[in-house]
Structures are given as C-alpha cells and as structure tokens.
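Asker: The structure that follows is given in the form of structure tokens.
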Amino acid sequence: MQTEPYIQPMQSPEPFPTICIVGPTGAGKTHLAMALAEHAKSIGLCIELISMDSALVYRGLDIGSAKPTKAEQAAVVHHLIDILDPTEVYSAARFAKDAKRLCEEIRSRGHIPIVVGGTMLYWRAWAHGLSTLPPANPEIRVRLEEQAKTIGWPAMHQQLSQVDPVTAARLMPNDSQRVQRALEVFEITGKPMSALLAESPSEDGREGSVIPPWINLVSLEPRDRARLHLNLEKRFDEMLSGGLLEEVEALRKNTALHADLPAIRSVGYRQVWEYLDGEIDWAQMRYKALAATRQLGKRQLTWLRAIAGRNTFDPFNPNELRAALDYCKVNLK
C-alpha cells in the first residue's frame, strides 16, 4: 500500500529565522500579526502573512473560521486563504511544501514572511517533517463512522485504548476525527499509531519537541482559561448573529458537500450542519460547538507546552501583549 512520503524539514535559505505566531483559538494571533505588519510598513518594510490554519484554506468558510476580514486581507498580503473549494482536501504535507515555497518566494521579493496560525499538525510537518503513515481508507472510515453512530465516540475511544493506549491517553473521548484516524491506522497496518510515530525519523511534535533554528516561535498562551472560554463563547454567539447559520445553509446548496468532508468537520461547522440536518436542537448545537472549541484550544495548548524554547506571552496581559509585539519588532528580519 502506498504511503505519504517523509517530508524533509525545511532548510532555511536565509540567515534569519522566520517568525511564526501560534496559540490556541481565540488568543489574538491575527491581531498581533496585523499590528506587526503595520509597524513594518511604518519603517519601510513589507510583511506577507502565511496562514497556518486548516479551515482558512476553504472558500466559503468565512464566519465560522474567524477568517481575516476583507479589509485585513487588503491591508496585508495573506497566503493560503481561500485556495480550495470545501469539497477538496488539504494536508499537512501540502502545507509544509507550500510554506517552504512561499517563504522562499517572499524572501526573493525582499519582503518578510510571517507564519500565523494554530493548526499544530501543520506546524509539525513544516518544522519536523511527517511520519510515514498510511493514507486514508474511505471504506474503513465509513465503517468506523457507522459504528460510532451506534455506540458513540467515547466507546470508540475505549476501543482505541485497547489497541493503542498511548494515543488514546492523549485524545479526548469525543475527538472523533483523531480517534477515527488512530483506529483506521491500526486496522490498516496492524500497528498502533504511537508505535509508527516512534519508528518515524520525524519528531512526533508532542513530547520533547524542539524548534528548528530557522523558526522563531512566538506563542500566545492565555493563563486565564476561564476568560478565554468566555471570549470563545462571545465570539461564537457573534458568529451566529453575524450569519453563520446562513453561511452553512449556502454551503449545503452544494450537493457534493457532506458532513464527513474535512471542511465540514471543522469546529462550529460540523455542529451547525448537524442542527440543520435536524439531528440536534439549537441549544445542543451551541453547547456542542462551544465544547468542541474549548477542546480544540486545550489540544493546541498541549502541543505548545511540549515545545521547548518557544517565546511565550499572555495575550490577556496588556504588558505581555506589548512585549510580544516588541519582541517581534526586534526580530523582524
């Protein structure tokens, strides 16, 4: 069976590391990047932003993905936004190649690339390369989905714990996408995903991860988790009042779209899709979307805290937020 080839980590063609702004959802990554771009412009430099976000690649997924506004995109060049239809699939391997190419192209123009986003699997692929895992098997995925509809994802997670306790221990019981993938990998290969990752020449990106010298990692990590959750709740309610329901209704007019596509499985979109399918009511939709958003943020922080040497700032502390911007200014090369 063919597998996705190992992606060699990007080697920096420049003597200066590329700034990469990361953090959990709702931490203010875009705000910091735009402030940095404004500063750069004031001193005669030009920044181009490379999105490291698995939802922003899709056209039509604007409100629920918190996509930079048209004004923000007009003010600063953004890459890897609106490059695919939601029927298509984007991968970490493709991001690694695209990011490498874009950094080189941006540098060749005399501009400065800044990578911004929170999809940490993309970070791993870009920074460390990818392990050789088997490609998706549609038949197995459909069967796992059907089984999950019968017994629920917590029960599927329990099955995973029997065959791959290491992977199960780091996944939430309702993390359907990752539980499904881990079960799929085991069924295809007969080996736990954790074992395959351990055998891989690339780093898993979770334990003992280090930052390559050609990346300057700036991590926005809120210490006040309760405040972050309140902000995420407010943001989702603003998405709902701002037309998220209508956005998903427009997507559903495309008969090629369905709930198992990566685009529709994005946090927020999946729950609204289920609501429009009549599977859950409004209150359940809102509750499930907020729970999924909090789980996403928790996973992102887990990834980040395992990366040694990152430059960490609390975006909810005004002094630290200013310090984050000042740090980026000093390292803007």
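Bear in mind that the values in this text are calculations on the coordinates, not laboratory data. Keep in mind it's a predicted model, so treat the numbers as computed, not measured. A quick note on method: Cβ atoms are made from the backbone with ideal geometry, for glycine too, and the neighbour counts reach across all protein chains shown.
Asker: Taking 7 Å along the Cα-to-C-beta vector as the label spot, tell me the Cys46-Ala71 distance in nanometres, rounded to one decimal.
Answerer: 2.4 nm
Asker: Might you report the magnitude of the Cβ-based charge dipole of segment 138-199 about its Cα centre, with Lys and Arg at +1 and Asp and Glu at -1, to the nearest 20 debye?
Answerer: 120 debye
Asker: Whole-Hz ³J(HN,Hα) for each residue in segment 293-300, computed from phi via Karplus 6.51 cos²θ - 1.76 cosθ + 1.60 with θ = phi - 60°, x for glycine and proline: what do you get?
Answerer: Once θ is set to phi - 60°, the couplings for segment 293-300 become 5, 5, 5, 4, x, 5, 4, 4 Hz.
Asker: Same structure again: So for the pair Asn317, His229, with labels modelled 7 Å out along Cα→Cβ, what separation do we get in nm?
Answerer: So the two model labels end up 2.2 nm from each other.
Asker: Let me ask something additional. Once Rh for segment 138-199 is found with the Kirkwood sum over Cα pairs, what is the Stokes-Einstein diffusion coefficient at 4 °C and 1.567 mPa s, in µm²/s?
Answerer: Translational diffusion coefficient: 114 µm²/s.
Asker: Read phi for every residue in segment 178-192 and hand back ³J(HN,Hα) as whole Hz from Karplus 6.51 cos²θ - 1.76 cosθ + 1.60, θ = phi - 60°, with x for Gly and Pro.
Answerer: Once rounded to whole Hz, the list reads 7, 4, 4, 5, 5, 5, 4, 4, 5, 5, 6, 9, x, 10, x.
Asker: Using packing as a proxy for protection, rank 16-28, 59-71, 233-245 so that the peptide with the highest average count of other Cβ atoms within 10 Å comes first.
Answerer: 16-28, 59-71, 233-245
Asker: Assuming 0.36 nm per residue, please report the length gained on full extension of the stretch Gln177 to Val89 beyond their Cα-Cα distance.
Answerer: Length difference between fully extended and current span is 30.3 nm.
Asker: Then there is this: If I model a spin label at Ala250 and Lys333 as a point 7 Å from the Cα along the Cα→Cβ vector, what separation in nanometres do I get?
Answerer: Roughly 4.4 nm, to one decimal.
Asker: Still on this structure, please answer the following. Roughly speaking, what is the stretch gain from Gln295 to Glu187, that is 0.36 nm per residue apart minus the C-alpha to C-alpha distance, in nm to one decimal?
Answerer: Taking Gln295 through Glu187 to full extension adds about 36.3 nm, to one decimal.
Asker: For a quick check: with amide H placed at 1.01 Å from N, whose amide H comes under 5 Å from Val57's, ignoring anything fewer than 5 positions away on the same chain?
Answerer: Long-range HN contacts for Val57: Asp82.
Asker: Let me ask you something else. In whole Hz, with x marking every Gly and Pro, tabulate ³J(HN,Hα) for segment 226-231 from phi via Karplus 6.51 cos²θ - 1.76 cosθ + 1.60, θ = phi - 60°.
Answerer: For segment 226-231, the Karplus curve yields 5, 5, 4, 5, 5, 5 Hz.
Asker: Using only the Cα atoms of segment 226-296, each taken as one equal point scatterer with no solvent, compute I(q) by the Debye sum, divide by I(0), and report log10 of the ratio at q = 0.13, 0.24, 0.26 Å⁻¹.
Answerer: The Debye formula, applied to the Cα set alone, gives -0.35, -1.13, -1.28.
Asker: May I pose another question? Using helices alone, what [θ] at 222 nm do you get for the chain, with -39,500 (n - 2.57) per DSSP H run of 4 or more residues, divided over all residues and rounded to the nearest 500?
Answerer: Result for the chain: -15500 deg cm²/dmol, rounded to the nearest 500.
Asker: From the cross-link list Lys41/Lys70; Lys29/Lys67; Lys253/Lys298; Lys191/Lys288; Lys298/Lys333; Lys234/Lys288, which pairs have alpha carbons spaced over 22 Å apart?
Answerer: Cα-Cα > 22 Å for Lys253/Lys298; Lys191/Lys288; Lys298/Lys333; rest within.
Asker: Another question about this same structure. Taking other Cβ within 10 Å of each residue's Cβ, how do Glu320, Glu88 sort, fewest first?
Answerer: Glu88, Glu320
Asker: Which residues' amide hydrogens lie under 5 Å from the amide hydrogen of Thr312, considering only partners 5 or more residues apart or on another chain, with H built in the peptide plane?
Answerer: Answer set, sorted by chain and number: Ser219.
Asker: Also, quick follow-up: Provide the packing ranking of 106-112, 52-58, i.e. peptides ordered by the mean count of other C-beta atoms within 10 Å per residue, highest first.
Answerer: Packing order, densest peptide first, comes out as 52-58, 106-112.
Asker: Ranked highest first by average number of other Cβ atoms within 10 Å, how do 170-177, 305-312 line up?
Answerer: Final packing ranking: 170-177, 305-312.
Asker: Using alpha carbons only, how many angstrom separate the centre of segment 227-282 from the centre of segment 79-120?
Answerer: If you average the Cα positions of each part, the centres end up 25 Å apart.
Asker: Gain in length, Thr150 to Trp282, computed as 0.36 nm per residue apart minus the alpha-carbon separation, to one decimal in nm?
Answerer: Extending this stretch completely gives an extra 45.3 nm.
Asker: Using only the Cα atoms, what convex hull volume per residue in Å³ does the chain have?
Answerer: Roughly 139 Å³ of hull volume per residue.
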